[in-house]
Each structure stands twice: as structure tokens, then as C-alpha cells.
Amino acid sequence: MNKKGLITGITGQDGAYLAKFLLEKGYEVYGTYRRLSTPNFWRLQYLDIFDKVNLIPADLVDDASIVEAIKISNPDDIYHLAAQSFVGASFEQPVGTGMVTGLGVTRVLEAIRQINPKIKFYQASTSELYGNSSDKPVNENSPFKPASPYSAAKLYGYWLTQIYREGYTLFVCNGILFNHESPLRGLEFVTRKISNTVAKIALDLEKELKLGNLESKRDWGYAPEYVESMWLMLQQKEPDDYVIATNEAHSVREFTEKAFDVVGLDWQEYVKVDKRFLRPLDVNFLQGDYSKAKKKLGWEPEIKFDKLVEIMVKEDLDRWERWQNGEHFPWDALNYPSEVKIVTRALSV
Ligand code: NDP
Ligand code: GDP
């Protein structure tokens, strides 16, 4: 019989890639989605797997819907990816982020404990746990120093996962994933914001790119490779926690320069720093040492920084060209017209 996997947050970047990966492994795939006024299935449609997955409505603030999702799907494995995942938004909605990104983990773990403690569980932990920690690069033993409501909520989820592993001997793992990007990344994240705007500038659809902290450095990897590590963690004999990264750090400025290079333009002519995109507190440097994952999971990243930027810019360019030629396809960019004014308190420091 096929194994069954339940993905919370299947409509997100990682949820969509993981669903595709698990389908290719022969899994029966279930995923939770939120009931929204406008459906948000574009990533599943873009990967051409929308009709191959089973969708269950559930919200992380609603315990009953989580219990229902687990009972309906009766999974072998749960990949808990659903979260309010954007650091910037967590400064605007600190309480909601705690309720969803933090307490949501407890709701899923508690449902597993009560319904079927044999279910294996993957928790989407994050490099943001390290925040402005002193170690460079960081590994599984480095100290945590969260620097946002998002990372504080994720730290709570990280510890809950360890507590349920030790207290109830559940098979649960923390994947401490560093930033991973792709053409399916949300447009509010800096990489996709850059690739999308650069594509529009190249086609004369946009005039400038407004960014915040250009000096911030991240360890950016390629999302389709990272979802494989989630599965690998649940295939081991013992549950454990793993850093997943590329062990390279590059700045937002470098990403921007490289992205403009791809379309043959000089970034300095188009980029403006806008205070609205600065954060009350930022993490200035993140670089991950993935030696443990390499040794124990046999996992290693292949797509590095230059290639990642190229993939993202070329795909956004291709989409805007197809759109200019009148083609219709599942896509998020049209829902983010650049003229819209988003006014926030936290970001206007
Ligand atoms: P996305 O923001 O793309 O996806 C988040 C998913 O969570 C979406 O499916 C979203 O649904 C769902 N969701 C949000 N709020 C709720 C809620 N209240 N109830 C149920 N579902 C909800 O994130 P990614 O795919 O990039 O990331 C996956 C996970 O990995 C997240 O937990 C993230 O914090 C974590 N992570 C991501 C990293 C990265 O670089 N991408 C790095 C490290 C960790 P909807 O589509 O309806 O909004
Ligand atoms: P994060 O690492 O999860 O916070 O991912 P983001 O892509 O949101 O941000 C990565 C870094 O880019 C952070 O240090 C941001 O402050 C910085 N940054 C600079 N300009 C921008 C911007 O316009 N938007 C976003 N989202 N981040 C920006």
C-alpha cells in the first residue's frame, strides 16, 4: 500500500514542491489549505499537480480542523509547513504570528499524540532561530538569539518538537532550514521581489526597485532541493534535528547586482533604498554549516547562489513575456500591482 503524507501549508512554496516530490516517490498526498475569499492554488497548478493531491480545509488556529485533517488523511508522515512565514509581517502582527507559527505546532503535535503517536512529524524550523548569534557559520549546536516575533514563535515550535520527542518518544524532527528560494517564492520576500521587479524593468514595465537593508547577508539555497531533506529526515532510524544550508553567505546588494547582470542592466541606475522596507530589528548575517546533514542524510545542495539568481530572474522574465503575448497561466505577480500603497507602522522607523 502507498504511504500517506499530510502537508500542512500545501499552497505555499515548500508545500507545493514537497507535494510534487512525494507524489514522485509514490505517496498518496494530502494537504491542508485555508478557506480564503479567493482561492490560492496557483503553485499547485503551476507544477501541474493540482488534480493529483487531496485537499483538506484547515486552519492552525482551529484545533478541531487539525484533528479532522489527521483523521481524514490517516497519514504515516506529517510535514508541518503551515505558518505565518514572513518576518516583516510578524512585526505588524506579533500576536497572530505567535498563535499560528508558534501555538500551531502544539496543536499538530498534541493531535498526533492523541490520535496516533506512530505518525512521524517534520517541523519547519528556521535559520532565523539563530538571529544575531555570535557563531559564523552556525550549526545544530550554536546558540539561538531570535530577533523577530516570527523567530520567537519558531523557537517555541522548535522546543515543543524536542519536548514531544523526549517526553512522549514521538518520531519528530526539526529541519533548521536556511533561506530557500525559487520562482514559487512569495513576492514579499526579497529575492523574488528583486527577480520579479528586474524582469519588469527589463521589459519596460517598471522603472525602479525599492529595497531596505542592502548589506544584510543570507545563506540562500534552492527550494526544490531543500524539500528532499525534509523527507530524508523522516527516513532515518532515529529522529533528530538538522541544519540545511549551502554554507555560503551573500548580501542583498550582491543578489541585486547579479539579478540586473542577468538582463544586462546596471543595478545602480534603478535601485533606491526606501525606509519602509527596513525592520525594527534585522538579522544581518546568516550562514549555515550543513555537515551533519551531509554525513547522516547524504544531502548536499547543488544549486548555488549565481545559478539560483539566474533561474529566478529568467523565469520571471519568461512569465512577463508570456503575459505580454496574451497568455494566461497560474501566477501570483498580477495580484501585486506596484502602485498599491501598503502603509505599515513597524517598518516606518
Ligand atoms: P509560504 O509562506 O510560502 O507558505 C506558508 C503556508 O502556510 C501557506 O500554505 C499558507 O496558506 C499556510 N498558512 C498560513 N497561515 C495559516 C493558518 N493560519 N492556517 C493554516 N495554514 C496557514 O512559506 P514557505 O513554503 O516558504 O515555508 C514553509 C515553512 O518553512 C514555513 O513554516 C516557514 O516559516 C518555514 N521556513 C521557510 C524558509 C524559507 O526560506 N522558505 C526557511 C526556513 C523555514 P495560504 O496559502 O492560505 O497563505
Ligand atoms: P528573511 O530572511 O526570512 O527575513 O527573508 P526576506 O527575504 O524577507 O529578507 C531577507 C533580508 O533582506 C532581510 O535582512 C531584509 O531586511 C532584507 N531586505 C532588504 N530589502 C528588503 C525588501 O525590500 N523586502 C524584504 N522582504 N527584505 C528586504
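Beyond 23 Å in Cα-Cα separation lie the following of the pairs K3/K52; K145/K304; K200/K341; K154/K217; K145/K258; K145/K341: K145/K304; K145/K258; K145/K341.
The residues of region 142-197 present an accessible area of 31 Å² per residue when probed at 1.4 Å with all protein chains retained. Basic side chains Lys and Arg get +1 at the Cβ, acidic Asp and Glu get -1 at the Cβ, and with that the dipole of region 151-197 about its Cα centre reaches some 120 debye. Taking the Cα centroid of region 248-272 and of region 37-62, what is the distance between the two, rounded to the nearest whole Å? Each part's Cα centre sits 33 Å from the other's. Computed from backbone phi, the HN-Hα couplings of region 330-335 come to x, 6, 8, 4, 5, 7 Hz, rounded to whole numbers (Karplus: 6.51 cos²θ - 1.76 cosθ + 1.60, θ = phi - 60°; Gly and Pro given as x).
Average projection, convex hull of the Cα set of the chain: 17.0 square nanometres. Report, in listed order, any pair from K25/K292; K193/K296; K20/K314 with a Cα-Cα distance greater than 32 Å. Result: K193/K296 exceed 32 Å.
Computing Rg and the Kirkwood Rh from the Cα coordinates of region 88-234 gives a ratio, Rg/Rh, of 1.03. Here the Karplus curve 6.51 cos²θ - 1.76 cosθ + 1.60, taken at θ = phi - 60°, turns the phi angles of region 195-205 into couplings of 4, 5, 6, 4, 4, 5, 4, 4, 9, 6, 9 Hz, with x standing for Gly and Pro. When every Cα-Cα distance of region 196-243 is counted in 5 angstrom steps from zero, the calculated P(r) takes the values 5, 14, 13, 12, 13, 12, 9, 9, 7, 4, 2 percent.
Computed over region 192-349, the alpha-carbon pair-distance distribution with 5 angstrom bins reads 1, 8, 15, 16, 16, 16, 12, 8, 5, 2, 0, each value a whole percent.
When the Gaussian network model of the chain links Cα atoms closer than 10 Å, the mean-square fluctuations of Q123, Q93, Q287 top out at Q93.
Charged neighbours of Q123, selected by a Cβ distance under 15 Å, balance to -3 (K, R count +1; D, E count -1).
Considering helices alone, the calculated mean residue ellipticity of the chain at 222 nm is -11500 deg cm²/dmol, with DSSP H runs of length four and up weighted by -39500 (n - 2.57) and normalised per residue. For region 17-30, backbone phi angles converted through the Karplus equation (6.51, -1.76, 1.60; θ = phi - 60°) give residue-by-residue couplings of 5, 5, 4, 4, 4, 5, 4, 5, 7, x, 6, 8, 9, 10 Hz, Gly and Pro being listed as x.
The values are calculated or read from the model by the stated rules, or taken from the named source; none is laboratory data. Just so we're clear, the structure is a prediction, and the values are computed from it rather than from any experiment. Ideal geometry is used to build each Cβ from the backbone, glycine not excepted, and the neighbour counts take in all protein chains shown. Ligands, DNA and RNA are excluded from the accessible area calculation, which covers all protein heavy atoms including side chains. Shrake-Rupley method; radii C 1.70, N 1.55, O 1.52, S 1.80 Å.
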